[in-house]
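Engineer: I'd like to ask you about the structure that follows.
All of the numbers you see were taken from the coordinates with simple rules; none came from a lab. What you see is a predicted model, and the numbers here were worked out from it, not measured in a lab. Here Cβ is always computed from backbone atoms with ideal geometry, including for glycine, and neighbour counts include all displayed protein chains.
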Amino acid sequence: MGRILIRIAAALAALVGLGWLGLQVKPRPLAPYGVQEPALATIPLPAGLPAPVERYYRSLYGDEVPVVTSAMVTGRMWLRPFGVTMPGRFRFTYEAGQGYRHYIEATWFGLPLMRVNEWYLDGHGRLEIPVQGTVEGPHTDQAGNLGMWAEATFLPTIWLTDPRVRWEPIDDATALLVVPFGDGEQRFVVRFDPESGRLALLEAMRYRDEAGGKILWLAATVPGRTVTAAGATLDATGAATWLDQGRPWAAFTAEEIVYNVEVAEYIRARGE
């Protein structure tokens, strides 16, 4: 009996080790979208912006900012479903200021283990997750709109070119970002690094699910890796944290950003 128990323990340890090893393998990136980015129109940097906001945009674009109407963001990521950190890859598709589609693959040994499809279209959110099923409802709509505007760190000129959006001053390193949501508005507190002027953090009260209340949600841009889009050098990695969890539950690193390509059909599709 003792030898059998030892063999069982050894087999279980080997399985746990194999499982851990598979989670250390970084997946290959998704294929490039394969559509050439068109020439982008520009507008002058608007006057009257709060001081840290103007500093941020001037550091990226100078006196002229590109007008972005759509974006395709492809990269790799990690997320922590069920408390287990998993590598993965993603493609996020945006109709700027209108809606998005998220496609995410969590991987094991670089192979898709869990596929997630999420949409925020026509003011409504829908999330399809294996095991959990489909999630939708008014809290999902509220969260989806906040997510869309926070993810505009990958296409930040939409915060200037969309007439429904406005900036309000707070202090030399902080501003209020007001965005539309249905017939009303939502607000972010946006914090900028006082040394570099880079955008560091967006804060908002957001629903995590349909059952609970709002929780402070933090969307941070992580210094280090960068990605070039429309001639600007952007922070490539964004990390999301629920305050009650105390640490990020996911981080997404953009490896390719393409602006103003046709996304009308792709954004309403499913899968890669």
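Engineer: Restricting to the range 138-154, what's the tally of residues that are surrounded by 17 or more Cβ atoms within 10 Å (Cβ to Cβ) and more than 15 Å from the chain's Cα centre (by Cα)?
Structural biologist: The qualifying residues number 4.
Engineer: Continuing with this model, one more query. Taking Thr157 as the residue in question, decide whether it is surrounded by fewer than 19 Cβ atoms within 10 Å (Cβ to Cβ) and β-branched (Val, Ile, Thr).
Structural biologist: no
Engineer: Go through the range 168-192 and give me each residue that's surrounded by fewer than 19 Cβ atoms within 10 Å (Cβ to Cβ) and hydrophobic (A, V, I, L, M, F, W, C).
Structural biologist: Passing the criteria: Ile170, Ala173, Leu176, Val178, Phe181, Val189.
Engineer: Pick from the range 152-176 the residues that are in a loop (DSSP other than H, G, I, E, B) and β-branched (Val, Ile, Thr): which of them is farthest from Val68 (Cα to Cα)?
Structural biologist: Only one residue fits best here, namely Val165.
Engineer: Suppose we filter the range 66-97 for residues that are among the aliphatic types (A, V, I, L, M) and surrounded by fewer than 21 Cβ atoms within 10 Å (Cβ to Cβ); how many remain?
Structural biologist: Final tally of qualifying residues: 4.
Engineer: Now for a separate question. If you check every pair at least six apart or on different chains, which have Cβ atoms under 8 Å apart with a residue in the range 40-55 that is under 18 Å from Thr69 (Cβ atoms) and in contact (Cβ under 8 Å) with a residue 12 or more places away in the chain first and a residue that is of a type in the set (Ser, Thr, Tyr) and in a strand (DSSP E or B) second?
Structural biologist: Every condition considered, the pairs that remain are Leu40/Tyr259.
Engineer: Something else: Give Ala220, Ala264, Ala211 a once-over and let me know the one that is crowded, with 17+ Cβ neighbours inside 10 Å and either touching a Leu at 6+ places or on another chain (Cβ under 9 Å) or closer than 29 Å to Ile129 by Cβ (or both).
Structural biologist: Going through Ala220, Ala264, Ala211 in turn, just one is crowded, with 17+ Cβ neighbours inside 10 Å and either touching a Leu at 6+ places or on another chain (Cβ under 9 Å) or closer than 29 Å to Ile129 by Cβ (or both): Ala220.
Engineer: Do any residues in the range 62-81 that are free of Cβ contacts under 8 Å to residues at least 24 places away in the same chain have Cβ atoms under 9 Å from those of residues that are of a type in the set (A, V, I, L, M, F, W, C), where the two are at least six apart or on different chains, and which pairs are they?
Structural biologist: Once the first residue is free of Cβ contacts under 8 Å to residues at least 24 places away in the same chain and sits in the range 62-81, its partners that are of a type in the set (A, V, I, L, M, F, W, C) give Gly62/Leu45; Asp63/Leu45; Glu64/Ile43; Glu64/Leu45.
Engineer: Would you check if there is a residue in the range 218-235 being of a type in the set (A, V, I, L, M), in contact (Cβ under 8 Å) with a residue 40 or more places away in the chain and in a loop (DSSP other than H, G, I, E, B)?
Structural biologist: Scanning the range 218-235 turns up at least one residue that is of a type in the set (A, V, I, L, M), in contact (Cβ under 8 Å) with a residue 40 or more places away in the chain and in a loop (DSSP other than H, G, I, E, B).
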